[in-house]
C-alpha cells in the first residue's frame, strides 16, 4: 500500500474522532440544543392503563398490546437458568420482534467526516429532548419507503443515491428488558448535498465524544450506532501514520493506551480462546424462558395504574399520554417501563504486559437470542430512594477507591420510547499497576483490538457497547 | 516473535497437514479399515413403522418420537420465505435440540500432530463402517460422565487431564433436514499416553486428506470437525517460514494458491462488507417455519412403511431394525431419512487479482438458527434413478466443461445415524483465468483467509464446511 492509497475516505473515523472543530463549535451545538428544546412542546402525563388509547390487556397468555398488533407488547415470562446467583424468576418483558434501522448519515466537510445528529423528543426522557441518530425507522417505514410519511433522510439508508456503507450490523438491545430485540445499526457516507433541516446538526466524532461526557444528552440509539465505529481500522493506522504521524505522537495518557490496545493485532489463537469460552458457556448454561400471563407473575402486582414488583425494585410497567408538536400538535398514549434511581454499567481496565485490557463478563439474560452475550465488568439496576443497591462482584472498583483512576463517568438515559426515566451511570476505570484484580468466574480480559472485531459479530450487549461508544481519543491525560 | 517462540506445539496443524507419513502408512490404514469391517457384524433391515420398538406417531401436532422423549423426533413444518424460487413448501424435519460433542483427540508423535480416528458402524451408511471422530457424545453422556456407560476417550473432552483446546466451536448441521441442530466441534491435544483401542487409529492430517479423496470413508461427523481446522494460523506461517521454509517453497499448483489465499491478511473493511451483506439478508429475507402434523403435510404421503413425497424426490422417512456387535450383540430400531441418488455440493473458485477466491452463496433453510448461513456455490439434492436433477445456477461449472479444472471430486456420506444412504458428490473446481463468471444475486467471492475467520463464528453451513475439510495442501499440481 502506498501513501497514495490513503485518501481521506479510507480513514473516515480516526480523523473525525480527533477533530474537535467542525462545521459548528461545541458552544454552537449547546445553543442549538437549548433552542430546539424551547421550540417544541411536549407534555407527558401518567394515565391508568384503562385510559391508554388502543392499548389493552388481551390474549392468552395475557399481555398488554396494541389494537393493530404492531409496535410492541408487554408480556410475562418465567425464567430458569443454571447461571448466576438467581436460579428462577418471573418478570414482564417487551416483545418487539421487528428489526428497525438506527442510522447515522455522514458526509465529509473539509476532509473531516461529520455525523448528522437529530434533536428528538421521547416521552420517557428525563429531560424531554436528546440527541439521536439521523433516522430511527421501523420495518414498515423502510419496506414501504415510497408510500406515505417516512422519517426524514430515510432514503439514504435504503439503497438509493450515491452512498457508501461504513457500518451495517445487527445489534441487540437490553436482554433483561426485551425478548430477542435487535436493530440494524448503520452508518452511511454520502457525497451528495444534504438538504438542511432545523432538527438536525452536523457534528464530528470528536465533538460527539465531548458531548457524551455530559449527562443525558446523547440517547441510547445514538450510542449503540456509535459503538459500532471502530476507533480506527488497520488501514487507518497505516494511513494516519503516514499522513499525520505527529498528531498521533502528541496523544498520551489513557488515549494512547486506547490506541495501543486497539492497534495490537490479535493472534488468531486469541479468538479461538474467546470462542471456546463462548462455546463452553452456550453448552453449559441452561436457560428456559416460558411465557406467562402478566397478571400471574410471581412477585408482581397488576393494578389499574401499574404492573410493579412487590419489593419496589427493578421496574414497573406504566401508561403515559403524550401531546407533542411545534406547529402541528400530535398526541398518543403508550405503555413505558418505569425505572428507579440510577443503575451502574462499568468497565474495569488495566495495563497488563504493556497492553490495556478490558474485563469482559458473560451475561445470561432472558432476552438474549443465543443464551450468552458479552457485557461490561459490572451492570447493576438502579433502585428507588432509600433502597440499597444489589451487591455485585467488583462493584468496589467503581466507588473511586485508591486502586483505580476514573477515566469516564457520566449518566446516560436508555431508550425514551420504551423506558420512563431509565438511567445508568456509565464508568470506565483503570486499575493501577500492581493492583491484583481477583477475576471472578465468567469474566475474561480482552484488548480493544479483540473487542472491536467481536462487536461486528453481534457478541457484545448494549451495556458494553454503550461504554465503548463513550471512549474518547481526545482524553489527553 | 523470535524463532524460539516457534515450538512445534504452536503450529500443530500445518506440519500435520503436510505429513503423509505417520505412525502408520496409508496402506496400513486401509488394511486396518478392511479388518475392522470384517470383525463386526451389522445387519440393517427395513421395517414398517409399527415394528419400531419404542418409537410411535404421537403428540399434537403429530410427530414420530421415542417413548423416552429423548434422541430426536421427526416433525412436520410448513415453510414460507421471500428468498429463492420456491415461496412455500411443507416437509418433515428432524428435531434434535440437544447439543452433542463431536471431538477429535490429538497427540504429537515425533513432532507431528496425530488425530485419533474411530472406525464406526452406522445403520444408514451405504458401506456400514466409516471413519468418525474420536468421540460422538450426547449431552447426557457428557454431563453424567462419571455415571454408567460413556463413550471411549470422552474424559479428554470434559476438562479432565492434561489437555489443550485447539478447536471448540458450535457448528450447524443440514438446515434443510434438522431444526436448528448444532454440535460442539472440538479438537483437543493431550500430552499423556493414550490407551490403545482396536477400533481407533492415529492419523496425520495429511493422511486424513488423502483418505478424503476416497469415496464414503470419512463420515460427516469427522468432516465437520476437520472443517474447523484452519490450514494454518498467522503464527504457523511465521513459524513454518522460519523453521522449514524450503518445504513451503516446494508447494505449487493449487496448493500454493490455497496457501496464498489463506495467508492474505484480510482488511477489516472486508469483514464490514461481508457483515453488511449478511445484515441485508437477515433484514430483507422473510422466513416463517410453522409446525404441522406429519400426516397432513401437503405433497407428502404417510403409509405404514414410509412418509414419502408424491413426486418421489427429496427424501422419505423410513424405519430400520439394527443388529450389531462382535462379541456382544445389541439391537435397536429407529427411523432414518432415506435419500435417493447422489446430490452435488460444489465450490467454484477462481484466481482474481492474483488471489484465489471462493464463490460463497447465501442459504436460507428452515432449520437455520438465524435465517441465513453461508453455503457453497451450488448445493443440489440427489434424485431417484430416471429423474432429472433440479436445475441450479452455476451447476454447469461442475460438469467438467472446458472453462474449469476439477480440483477435488469425491462422494461422501452424510450422518449414518440419521440418514439412510444420503450421499453427496463434493467438488471444488477452478474457473480458468479469463472465464467471466456471471455471479448471481446472493453470492459473494471470499478468500480462504476471510472464510477461515468467519467459520469460527458459525457462519458457514455444513455443506460448505465439508468442502473446506476436503481441501488438501499436498495436492502438488
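In the list B:92, B:61, which residue meets the criterion of being touching a helix residue (DSSP H, G or I) at 6+ places or on another chain (Cβ under 8 Å), under 21 Å from residue B:380 (Cα atoms) and at pLDDT 95 or above?
None of the other options fit; the residue is B:92.
State whether one or more residues within the range B:292-304 are surrounded by 18 or more Cβ atoms within 10 Å (Cβ to Cβ), in contact (Cβ under 8 Å) with a residue 24 or more places away in the chain, more than 26 Å from the chain's Cα centre (by Cα) and in a loop (DSSP other than H, G, I, E, B).
Yes, because at least one residue in the range B:292-304 is surrounded by 18 or more Cβ atoms within 10 Å (Cβ to Cβ), in contact (Cβ under 8 Å) with a residue 24 or more places away in the chain, more than 26 Å from the chain's Cα centre (by Cα) and in a loop (DSSP other than H, G, I, E, B).
Looking only at the range A:1-46, count how many residues are at pLDDT 90 or above and outside any helix (DSSP H, G or I).
The total comes to 12.
Could you pull out the residue among A:325, A:319, A:312 that is modelled with pLDDT of 95 or more and away from chain B (no Cβ under 14 Å)?
Checking each option against the conditions leaves just A:319.
Select from the range B:154-168 the residues that are in a loop (DSSP other than H, G, I, E, B) and away from chain A (no Cβ under 12 Å) and write down the one among them that is nearest to residue B:101 (Cα to Cα).
It comes out as B:160.
Answer with yes or no whether residue B:386 is part of a loop (DSSP other than H, G, I, E, B), touching a strand residue (DSSP E or B) at 6+ places or on another chain (Cβ under 6 Å) and free of Cβ contacts under 8 Å to residues at least 60 places away in the same chain.
Criteria not met by residue B:386.
Which of the residues that make up the range B:78-102 are more than 24 Å from the chain's Cα centre (by Cα), buried (at least 17 other Cβ atoms within 10 Å of the Cβ) and under 17 Å from residue B:315 (Cα atoms)?
Across the range B:78-102, the qualifying residues are B:78, B:79, B:90.
Out of all the residues in the range A:169-199, which are more than 14 Å from chain B (Cβ to nearest Cβ), surrounded by fewer than 19 Cβ atoms within 10 Å (Cβ to Cβ) and assigned to a strand (DSSP E or B)?
Residue satisfying the conditions is A:190 alone.
Condition test on residue B:53, is it in contact (Cβ under 8 Å) with a residue 12 or more places away in the chain, touching a strand residue (DSSP E or B) at 6+ places or on another chain (Cβ under 6 Å) and assigned to a loop (DSSP other than H, G, I, E, B)?
When the stated conditions are applied, residue B:53 passes them.
Take the residues in the range B:132-149 that are modelled with pLDDT of 80 or more and in a loop (DSSP other than H, G, I, E, B); name whichever of them is surrounded by the fewest Cβ atoms within 10 Å (Cβ to Cβ).
So, considering only residues that are modelled with pLDDT of 80 or more and in a loop (DSSP other than H, G, I, E, B), the one surrounded by the fewest Cβ atoms within 10 Å (Cβ to Cβ) is B:138.
Pairs needed: first member in the range B:450-477, within 14 Å of chain A (Cβ to nearest Cβ); second member anywhere, assigned to a loop (DSSP other than H, G, I, E, B); C-beta distance under 6 Å; at least 6 residues apart or different chains.
These pairs meet every condition: B:450/B:266; B:452/B:230; B:457/A:457.
Are any of the residues in the range A:107-119 surrounded by fewer than 18 Cβ atoms within 10 Å (Cβ to Cβ) and free of Cβ contacts under 8 Å to residues at least 40 places away in the same chain?
Within the range A:107-119, one or more residues are surrounded by fewer than 18 Cβ atoms within 10 Å (Cβ to Cβ) and free of Cβ contacts under 8 Å to residues at least 40 places away in the same chain.
Just to be sure I understand, how many residues within the range A:305-318 are part of a strand (DSSP E or B) and over 24 Å from the mean Cα position of the chain (by Cα)?
The total comes to 3.
Please indicate, with yes or no, whether at least one residue in the range A:247-259 is within 14 Å of chain B (Cβ to nearest Cβ) and touching a strand residue (DSSP E or B) at 6+ places or on another chain (Cβ under 7 Å).
Looking through the range A:247-259, none of the residues is within 14 Å of chain B (Cβ to nearest Cβ) and touching a strand residue (DSSP E or B) at 6+ places or on another chain (Cβ under 7 Å).
Quick one: residue A:275 ticks every box in (1) in a strand (DSSP E or B); (2) within 14 Å of chain B (Cβ to nearest Cβ) bar one, so which box is it?
Answer for residue A:275: the failing condition is (1).
Could you please let me know if residue B:331 is more than 14 Å from chain A (Cβ to nearest Cβ) and modelled with pLDDT under 95?
Considered against the rule, which asks whether it is more than 14 Å from chain A (Cβ to nearest Cβ) and modelled with pLDDT under 95, residue B:331 comes out as yes.
Residue B:262 passes all but one of (1) buried (at least 19 other Cβ atoms within 10 Å of the Cβ); (2) more than 14 Å from chain A (Cβ to nearest Cβ); (3) over 30 Å from residue B:313 (Cβ atoms); which number fails?
Condition not satisfied by residue B:262: (2).
The values are calculated or read from the model by the stated rules, or taken from the named source; none is laboratory data. The shown structure was predicted, so the numbers you read here are calculated from the model rather than taken from an experiment. So basically every Cβ, Gly included, is an ideal-geometry build from the backbone, and we count neighbours across all protein chains shown.
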